[in-house]
Amino acid sequence: MIVRPRAAVLALPFLTGACSYQHYQSIYGNAAAETQQFNTLFIIFLAVCAVMYAAVIAFLIAGIGRRRRSTQANVVEDGRHHESDPAMHVGLRAWAAVVGVGLVGLAIASFFADRSMASAAANEKLSIDLTGNQWWWDVQYNSADASKTLRTANELYLPVGVPVRINLHSNDVIHSFWVPSLAGKQDLIPGRDSDITIVPKKSGIYRGQCAEYCGTQHAHMALVVNVVSYADFIKWWDHQLQPAPAPAAPLTQAGYKYVTTGPCSACHTIGGTPAGGTVGPDLTHLASRRSIAAGTMPMGEGNLYGWVEDPQSVKPGNHMPTIGLEPAQLHAVVAYLETLK
Amino acid sequence: MPGVFHGGVMRRVGKACLVAVLCTATVALSGCNRSADKQAPGKVIAGSPPAANHAVLAAAASPADDGNWTMPGKDYGASRFSGLNQINPANVGKLALSFTFSTGTTKGFEAPPLVVNGTMYIVTPFPNILYALDLTKPGAPTKWVFKPKPLAASQGVACCDVVNRGAVYDAGKIFFNTLDGQTIAVDANSGQQVWRTQLGDIQKGETITMAPLVAGGKVLVGNSGGEMGVRGWVAALDEGSGKLAWRAYNTGPDKDVLIGSRFKPFYAMDQGKDLGVKSWPPDAWKIGGGTVWGWLSYDPETKLVYYGVGNPGPWNPDQRPGANKWTTGVFARDISNGEAVWYYQTTPHDLFDHDDINEIILADMPWHGQRRPVMFRPARAGFFYVQDRRTGQVLSAAPFGYVNAYKGVDLKTGMMMPNHDKDPKVGRVVRDICPAAPGLKDWNPSAFSPLTGLVYIPHNNLCMDFGAMEANYISGTPYVGADVKMYAGPGGNRGAFTAWDPVNQRKVWEIPEDLPVWSPALVTAGGIVFYGTMDGWFKAVDARTGKQLWRFKAGSGIIGQPISYKGPDGRQYIAFVAGVGGWSGAVVSGNLDTRDPTAALGFVNAVKDLPMKTTAGGMLYVFTLPR
Amino acid sequence: MSSRCLASLLIFGVAALTLSACDREERHSRSKPVGETVPAGESPDTIWPGGSVPAALDPRAKLYDNNAPAISQGQQLYMQMNCVGCHFHGGGGMGPPLMDDEWRYGGRIDQIAASIAEGRPNGMPAWRDKLTDDQIWKLAAYVRTMSGQPSKDAVGSRAEGMSTTTPATLAPREPAHSSDTAGQ
């Protein structure tokens, strides 16, 4: 039997699940308890099914390759009742038993995997409300102390090892929350409350994606999830609760004035300023995020310029209008936005 | 006679007799009702309480009647009780029109006329014209007119018609507020402006519709705009100069709310530091409502002013998790410097726009063998609160109509117990919430008679469907986040006029009304209760039994306070202005379209038939007994 | 009829149908910068002294009136910019009704756009510096659906949340009459 090198290479990640594969957006990422459970189950299924498959193929080849015995020819024309081969009986029973054991084993494995994922859901320690909009993610961290409620957009920070329940809502059409390295997909359905529980296990940055076609910019509706230590998570939360810093330089002050009195404040909120719009993402700590417009572009000064000046050419059809800023206004606005760390 | 009904002939005779008897009886009995009115008669439920068991007026807050009417509540205790007794159940049927006056406005008229020593003062809805009529001359000609000329754009930020709840007379001056946020003092004799202070900012969505309270040398004013993302406050101006003496906000840090060492809330839920910040998401308290657009009462003995606080904003409660202090509750403050003495939150984390701004009637009441200084509050939430006015302790809170949004008030903790089946949900419609957003009773005040011991409550019977959605904050525009549809509650009548026994916490009699009762009540020592209906019937009802004694059809629906005064000729007069409008009558005063059930915050669905029953107006009617 | 004749008739029919739908579905996402004036559409009862001639209808009217994506975006903006808070779903409240046949400042799409941009006495806010031209015209296109004026194949259908007025596809077409600015 010739071993095909390509097949062997492909088998490796399946079997080990932990090689130099890029795991920031991968279903083999194994970064959370959910994906770990799922991948373990997947390997069990793969192993059992591979064995069965190999056995079937073996029998098939044996069946094709076996020569007919000449005395068996014209059996049917004899018209006499033919005794079946006792070996065949044993073989069939054995095969049924193997299949039965295999299926029961798979069912048990599946049951335990499901139960473990559900028990994580019962122990949630952190609650997040995630609302899908066309085409961005509205994130609210809930707290028993109402004044610690945090609103942000398009980025999640999660602490390692802490079960977090993400409540999923939608403001318009059906979206789907999918961070492959952390968990499976869960739909955000308007008018319905669904949720997903994740227990992240490995720190890192992971990318998520809307997984249900939701309109023209569905492809640009990504979500960045940062999994950090618990201490770093608390530090992040406290920082996010701070209002936007007051602008110091004349340029940033001019930007502040435009942003809070012009069209920006009709849709966006910046904490600590008169801008209180809830139509678009919260911008209080915009400059600390990794991407602009839900993964459309990486955060950076040039990209900010491009986005603010003409969002319709970057993400055509999205709900942020191209306002047509004058150059001086644009410089001031971007300068101010960059202070929102 | 055993044989009478046997046999054919006798049987026919027997039947004929029976029929004859039945016919006569029917005719006789039908004649009984001929004198009664087609309108639903008063339904007596229980007996009046015995005199020894009555509550009485708080003496310092409610002095003896001098025949004048100088403030909307009649006195600082908000009794709306007239001591005049010329008009009584025996002669009220002869009440006749003495004179009329057209105010020239057609928006909702909620203000009472004031009468001071022979002059009548009337302040109109926007444009808030102040008239002085000379009662000593026949036909009450105009003495002077004062036109404050408020900004027309203020009409665009007034949620519930461009009303004004009245002026106040004190020490030779008339004080009133304009829609665009000014408080004005006018000389009562000459009509010249004495001072004018700008307190509200329409760019933020603030207006002022309330009647000020003038006491202790201060003019107390509160803002409106809980539906506009405004931050609520009450301010005190110096009576002589109009300069700001103090301002207390109803959300935010303790130093803004004027909470200091003297502040002692009775219940644990209201105790803590900076609760006006801690019980809101960050920054939400800055646009959180808590306005003071209703009634203030004052106890001259303790120098405490009492007022209720309006709803938190937005209506969508998911945007403001937390108890949302200090909204939908009652404050007691020292009138000289505004510092808070106690507070009680009626509906923490309010879900249904149940502002707590209704009238606070000060009384002394027998309670478990003692006489206690109390306050009566028929609240929007549907409960009649009796609270000790020194501490805020709730002595009783019984529902005075049908309520399913709450399970009741836990008297141990003071907390309202919500019915979570009725919690609003974003993206879904929750149905059959009673009472609806205007509450079991809205701003229109009740009256209390120490002679009968009863509180006369004009109120609603409405339920609603509520669809919550995310509200977007843009200053100067509404900040609500809800689609609402209102309709009649159980029984099918949209309103009722109830006589309530506050000591025994039960209804004594009740008159169901087809339309919500949006007019305030007046009760006199002569034993008559006066109120008006939204389709224009002004009614006089026996204070003890609820029997309708007289009525008059005015040119427009009545939502304004009736008053009673002693004219220059010594006779007792009854006066009110008829001009339908307000939140309930906006469909008529604003010429709204009845095909949209959510219009006027859902009220249009409840009163789609109103435009057929009445039209807009603004006419003063004055009645008296013929000589 | 020959098969060639039938085929060309079929092609012609399909082309006609698809081409007529083009305008209805055309999307615009850019417009004049914020603050550039939307021309003030004159009110319906303006007196033109000395025989002067009213201006022609703004060419933008054709792009937005009866345009389905514009109406749909306009509906979103109507809720988000709090128009619904004063005018509700056409019945009115703080603001006058938009679903009836009485227009104080005109019911043509350019007149409505001008009212939104400039504000009006008695309380209509001025949105000129808060919304782009494109957004204002989209709002105006949606406002017209409440009185049934645009063609029924461009308007949205029933509400998704609470049912309010008759769906726009069934709304009766109200004529655009003028009305006294005091609104009575």
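A Cβ distance below 9 Å, combined with a sequence gap of six or more or placement on separate chains, defines the contacts here; from region C:121-142, residues that are away from chain B (no Cβ under 12 Å) reach residues that are among the basic types (K, R) and assigned to a helix (DSSP H, G or I) in the pairs C:D133/C:R60; C:W137/C:R60.
Based on this model, can you work out whether A:G300 counts as under 28 Å from the mean Cα position of the chain (by Cα), of a type in the set (G, A, S), closer than 30 Å to B:V230 by Cα and not assigned by TED's automatic domain parsing to the domain that holds A:H220? No: the conditions fail for A:G300. Helices (runs of 4 or more DSSP H) fully within region A:255-341 that include at least 1 residues being in contact (Cβ under 8 Å) with a residue 40 or more places away in the chain, more than 10 Å from every other protein chain (Cβ to nearest Cβ) and out of contact with any Asp or Glu (no Cβ under 6 Å at 6 or more places or on another chain): A:327-338. Within region C:150-184, being under 12 Å from C:D100 (Cα atoms), surrounded by 14 or more Cβ atoms within 10 Å (Cβ to Cβ) and out of contact with any Pro (no Cβ under 9 Å at 6 or more places or on another chain) holds for C:A171, C:E174. Restricted to region B:56-95, and to residues there that are within 15 Å of B:E359 (Cβ to Cβ) and among the hydrophobic types (A, V, I, L, M, F, W, C), the residue that is nearest to the chain's Cα centre (by Cα) is B:A78. Within region B:37-54, the presence of at least one residue that is at pLDDT below 90 and closer than 26 Å to B:Y307 by Cα is confirmed.
Taking the criterion of being at pLDDT below 85 and either among the polar types (S, T, N, Q) or in a helix (DSSP H, G or I) (or both), the residues of region A:56-90 that qualify are A:S70, A:T71, A:Q72, A:N74, A:V75, A:V76, A:E77, A:D78, A:S84, A:P86, A:A87, A:M88. The criterion of at least 3 residues that are more than 19 Å from the chain's Cα centre (by Cα) is met by the following strands (runs of 3 or more DSSP E) wholly inside region B:332-431: B:340-345, B:361-367, B:370-378, B:394-399, B:406-409, B:416-418. Suppose we filter C:M79, C:M99 for residues that are surrounded by fewer than 22 Cβ atoms within 10 Å (Cβ to Cβ) and within 19 Å of C:Y142 (Cβ to Cβ); which single one remains? Only one candidate qualifies: C:M79.
Say we look at region B:571-587 and pick out the residues that are more than 18 Å from the chain's Cα centre (by Cα) and closer than 16 Å to B:A96 by Cα; which of these is surrounded by the fewest Cβ atoms within 10 Å (Cβ to Cβ)? Out of the qualifying residues, it is B:R571.
Selection over region A:204-219 of residues that are within 15 Å of the chain's Cα centre (by Cα) and either under 23 Å from A:F233 (Cβ atoms) or not charged (D, E, K, R) (or both) gives a count of 11. Total residues in region B:198-219 satisfying the condition of being outside any strand (DSSP E or B) and either within 16 Å of the chain's Cα centre (by Cα) or under 30 Å from B:T302 (Cβ atoms) (or both): the figure is 9. Taking the condition among the aliphatic types (A, V, I, L, M), surrounded by 13 or more Cβ atoms within 10 Å (Cβ to Cβ), touching a Leu at 6+ places or on another chain (Cβ under 9 Å) and modelled with pLDDT under 95, does A:A113 pass? Judged against the criteria, A:A113 is a match. Sub-8 Å Cβ pairs linking a first residue in region B:301-325 that is free of Cβ contacts under 8 Å to residues at least 40 places away in the same chain to a second residue that is in a strand (DSSP E or B) and surrounded by fewer than 21 Cβ atoms within 10 Å (Cβ to Cβ), at least 6 apart or interchain, number zero. Taken together, the residues in region B:469-526 that are acidic (D, E), within 14 Å of another protein chain (Cβ to nearest Cβ) and in a strand (DSSP E or B) amount to 1. Against the list (1) in a loop (DSSP other than H, G, I, E, B); (2) at pLDDT 95 or above, the condition B:G139 fails is (2). Every condition in (1) crowded, with 22+ Cβ neighbours inside 10 Å; (2) farther than 17 Å from B:G481 by Cβ; (3) in contact with a Pro (Cβ under 6 Å, 6 or more places away or on another chain) is met by B:Y298 except one, and the failing one is (3). Candidates are the residues of region B:77-127 that are out of contact with any Leu (no Cβ under 9 Å at 6 or more places or on another chain) and in a strand (DSSP E or B); the one that is nearest to B:M365 (Cα to Cα) is B:L114. Quick one: would you say B:A447 is more than 9 Å from chain C (Cβ to nearest Cβ), at pLDDT 95 or above and more than 20 Å from the chain's Cα centre (by Cα)? No, not satisfied. Among the residues of region B:432-448, those identified as in contact with a Cys (Cβ under 7 Å, 6 or more places away or on another chain) and not in a loop (DSSP other than H, G, I, E, B) are B:D432, B:I433.
The values are calculated or read from the model by the stated rules, or taken from the named source; none is laboratory data. Predicted, not measured: the structure shown is a model, and the values here were computed from it. Glycine also receives a Cβ, built like all others from the backbone with ideal geometry; neighbour counts cover every protein chain displayed.
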